[in-house]
Amino acid sequence: MAQVTSPGPLTARLPLLAPGAAARLADALRDAPRRIPVPPVTDRTAWDAVHPATRTALLRRAEAERAAPVPVLRASDWARSFRDGVRTAYEDPARALRTRTTVFLLAAVLTGESAPATAPPGATPNLDAAIDGLIALCETSTWCWAPHDGYTAARGEVLPDPEEPYVDLGAAEVTTVLAWADHALGPHLDLRAPGLRRRLRRETDRRVLTPFTTRRDWPWIGADRPADNWNPWIHGAITAAALLLTDDPERAAGLLRTAVAGLDRFVATLPDDGGIDEGVAYWWHGAGRLLETLDLLAAVGGPGLDARDLPVLRQLARFPHRMHLGGAWYVNAGDAAARLSGTLPWQLLHRWGAALGDPAVRDHAAGRGRDTGLAAQPEAGAGSALTALVDPRWRAALTGPPGEGGSWLTAAEWLPRTQILLARERPGSTGGLTVAVKGGHNAERHNHLDVGSYWIALDGVPLVVDLGQPTYTADSFGPHRYRAWPLTSDWHNLPAPGGGTGQLPGAGRAAREVRAEATDSGALFHADLAAVYPDGAAGGLTRTVRLDRDRPLVTVTDRWAPAAGPVLLRHVLAGEVTLSGGEAIVRAPDGPALRIGWEPRDARAVLEDRELTDPLLRASWGGRLTRLTLTVRDGEGATVRFDRAP
């Protein structure tokens, strides 16, 4: 295992983690829960100030959840990951149980209901339901999701061993629910269910904290490979547990020291442009978890545990709005969804935007929060939801008059490390054409075979699109990953030389000679893509994507050396597509229409509809997408034009 020889960037900024500061750190943690920016349920001044619309919506949801069947976690469903590769049969009800418990936690805090242990059933409906959910989580055999459990796989079995818990994302999610429930509801849990809080601590210690400290070669730490989003996701949960579920301050201090050292490995992977190659949807489960954890540390330890001035974090906070197409639509490289869920914790970015003095970060978050309607979303996690409910600045942002719109919609954004360019026809507005294009390589995290692919949106609606993440199976992160058709280059907006040759995976399969330019009149991206394809398949292959604001027009020009066969130019389209001569029209439902044009004598056009059955793809695109393929048999290049249909 690789050894850390010097403090990482976070550790180096935190005086309470300096050598010789162990006693001071432990002292600072003795009353840590008192400094958490979420008060206990007994602080009725704070909880009674929650915005009435949010309060009403959450209480109605809790009422509906109480009337709904309780999710059942079955051994046979967990085993399906090993039997037929299906993960969702278990993971969906496991997620539903966590969310249901969080809903009841929020409702019990909002109502403040309380009763002694001897009070009859029905005295505290939301509190009792939250207790039932917490106990149900404690009594599951494992908190781990089956495809992650390396112990079970190594034994050649299909069921988890409760005596050998594996720390993964599922374990992190349950830990977070338990930690925040204990913190927010603690006094009422002691009264209504004496002994429950001891159980929460014991289960978290046995399943997560002790394994975390006794085994130090967890793959997600990032000791022998670059850390990915698992790192802050899990270390964030351990930080919450250390602060909220660990009564011994010396042990809590040790856990924090180890967790921050682990977070340093993730920070070391962040490019200085703040780009996340996994896309905006995964930003929330990696970078967002990091920012949330740093907020928590700073709240508890003050300047001694505040590393939020690290320069890369400012760029990290800017990434989501830099990839915004319009509404819920974002540039979605890799496994990111094109249309973001309405349950994200936008108050996190609002808080960081305010702290950084960055109006673009703040205004983008406020705008998206107003679009989703509620101050807090249970699906965003217990800690995020509780923090949002009592944040007065977030409440004001959602209920006050909107700020100036579009402050984040710049003319162009270029991220040189992740090699993504986004350019708009109309700066400050989603109106007109927006084009984005990526370079990169085919070993990025959550990678698709998509080097050189592009997006085109019209009036904020993507019409030339990237499918995004399909539902995960047991093969999604194994040797057969690229058998899934949405991940192949055939289903991205790419050339296929030699009659249909696709891209190959690997870090060496990368765009070369990448350059981007942005001027008042437009923007340009150019890259050599030959190395991304099998050796010899392309000869020479370059792509130039250009936005001309004056016309307005997007052109994509591909040039190649004489090919062994025809070159296919793929375009994945969302909307109703009609084909006529040398053009295709893509029309969004009740929205704008994009014209795609080419020289008809140079290429033969074919449309192919693809019915979508995957629930994640359908959530973004509905029931169908269309692929336009232009077959170029002669010549050494082609240009495709995109503009608004008349």
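The values are calculated or read from the model by the stated rules, or taken from the named source; none is laboratory data. Note that the structure is predicted; figures quoted are calculated from it, not measured. Note that we place each Cβ from the backbone using ideal geometry, even for glycine, and neighbour counts take in every protein chain shown.
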- Message: Of the residues Leu616, Leu573, Leu612, only one is out of contact with any strand residue (DSSP E or B) (no Cβ under 8 Å at 6 or more places or on another chain), of a type in the set (A, V, I, L, M, F, W, C) and buried (at least 16 other Cβ atoms within 10 Å of the Cβ); which?
- Response: Leu616
- Item | Yes/no for Leu389 being buried (at least 23 other Cβ atoms within 10 Å of the Cβ), more than 19 Å from the chain's Cα centre (by Cα) and not assigned by TED's automatic domain parsing to the domain that holds Ala49 | no
- Query: Can you tell me which residues in region 511-558 are in contact with a Ser or Thr (Cβ under 7 Å, 6 or more places away or on another chain), assigned to a strand (DSSP E or B) and surrounded by fewer than 16 Cβ atoms within 10 Å (Cβ to Cβ)?
  - Reply: Thr557
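Results for (1) closer than 24 Å to Ala530 by Cβ; (2) assigned to a strand (DSSP E or B), shown as yes or no for each residue.
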{"site": "Glu608", "(1), (2)": "no, yes"}
{"site": "Leu616", "(1), (2)": "no, no"}
{"site": "Ala619", "(1), (2)": "no, no"}
{"site": "Arg627", "(1), (2)": "yes, yes"}
{"site": "Asp634", "(1), (2)": "yes, no"}
- Write out, first by first residue and then by second, each pair whose Cβ atoms fall under 9 Å of each other, whose residues are 6+ apart or on separate chains, and whose first residue, in region 442-463, is without any contact (Cβ under 8 Å) to a residue 60 or more places away in the chain and under 24 Å from Gly222 (Cβ atoms) while the second is basic (Lys, Arg) and surrounded by fewer than 24 Cβ atoms within 10 Å (Cβ to Cβ). none
- Message: Is it the case, given these coordinates, that Pro226 is modelled with pLDDT of 95 or more, surrounded by fewer than 23 Cβ atoms within 10 Å (Cβ to Cβ) and assigned to a loop (DSSP other than H, G, I, E, B)?
- Response: no
- Note on the structure: When region 435-464 is checked residue by residue, the ones that are surrounded by fewer than 24 Cβ atoms within 10 Å (Cβ to Cβ), closer than 22 Å to Ala516 by Cβ and among the aliphatic types (A, V, I, L, M) are Ala443, Leu449
- Message: Residues that are out of contact with any Lys or Arg (no Cβ under 6 Å at 6 or more places or on another chain), part of a loop (DSSP other than H, G, I, E, B) and at pLDDT 95 or above: does region 230-246 have at least one?
- Response: yes
- Message: Return the residues of region 568-589 that are at pLDDT below 95 and in a strand (DSSP E or B); say none if nothing qualifies.
- Response: Ser580
- Note on the structure: How many residues of region 108-130 are in a loop (DSSP other than H, G, I, E, B) and under 34 Å from the mean Cα position of the chain (by Cα)? The answer is 1
- Output yes when any residue across region 453-464 is of a type in the set (A, V, I, L, M), at negative phi and assigned to a loop (DSSP other than H, G, I, E, B), and no when none is. no
- Item | Enumeration of residues in region 374-420 that are in contact (Cβ under 8 Å) with a residue 60 or more places away in the chain, under 26 Å from Thr111 (Cβ atoms) and part of a loop (DSSP other than H, G, I, E, B) | Leu374, Ala375, Ala376, Gly381, Val390, Asp391
- Task: Please work out if Arg198 is out of contact with any helix residue (DSSP H, G or I) (no Cβ under 7 Å at 6 or more places or on another chain), in the same structural domain as Asp306 (by TED's automatic domain parsing) and outside any loop (DSSP other than H, G, I, E, B).
- Result: yes
- Can you tell which of Phe104, Phe82 is surrounded by fewer than 21 Cβ atoms within 10 Å (Cβ to Cβ), touching a residue at least 24 places away in the same chain (Cβ under 8 Å) and in the same structural domain as Thr175 (by TED's automatic domain parsing)? Phe82
- Query: Is it fair to say Arg216 is more than 25 Å from the chain's Cα centre (by Cα), not polar (S, T, N, Q) and not in a helix (DSSP H, G or I)?
  - Reply: yes
- Just need a number here: residues in region 472-500 that are assigned to a loop (DSSP other than H, G, I, E, B), aliphatic (A, V, I, L, M), closer than 19 Å to Leu625 by Cβ and in contact with a helix residue (DSSP H, G or I) (Cβ under 8 Å, 6 or more places away or on another chain). 0
- All positions within region 184-202 that are touching a residue at least 24 places away in the same chain (Cβ under 8 Å) and surrounded by fewer than 23 Cβ atoms within 10 Å (Cβ to Cβ): Gly186, Pro187, His188, Leu191, Ala193, Pro194, Leu196, Arg199, Arg201
- Query: Only one of these conditions is not met by Ala153: (1) at pLDDT 95 or above; (2) part of a helix (DSSP H, G or I); (3) of a type in the set (A, V, I, L, M). Which number is it?
  - Reply: (1)
